[in-house]
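The values are calculated or read from the model by the stated rules, or taken from the named source; none is laboratory data. Note that the structure is predicted; figures quoted are calculated from it, not measured. For accessibility, only protein heavy atoms count, side chains too; no ligands or nucleic acids. Shrake-Rupley method; radii C 1.70, N 1.55, O 1.52, S 1.80 Å.
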Amino acid sequence: RRKNATRETTSTLKAWLQEHRKNPYPTKGEKIMLAIITKMTLTQVSTWFANARRRLKKENKMTWAPR
């Protein structure tokens, strides 16, 4: 059964994203830490960041060097 991310969960991820605007790619260690904090799986965290980067790019709010 799929569980949607809650506001508390995403606020942690959004905070990380705001702090790392110049390079919005968390390392594996950072993803693991965020997964533990948010009680999400590593896959969910990775997917959330991929989607968040896509959303930001679409809104033209951020530019960063591609990896």
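Our helix-only sum for the chain, with -39,500 (n - 2.57) per DSSP H run of n ≥ 4 divided by its residues, gives a mean residue ellipticity at 222 nm of -19500 deg cm²/dmol.
Which entry is the computed volume of the Cα convex hull per residue in Å³ for this structure: (i) 119; (ii) 92; (iii) 72? Evaluating volume of the Cα convex hull per residue in Å³ on these atoms matches (ii). The share of accessible area on the chain that comes from carbon and sulfur is 53 percent, using a 1.4 angstrom probe. Rolling a 1.4 Å probe across the protein heavy atoms gives the stretch 9-59 an accessible surface of 65 Å² per residue.
For the chain, the longest principal axis of the alpha carbon atoms and the long axis of helix 7-19 meet at an angle near 30°.
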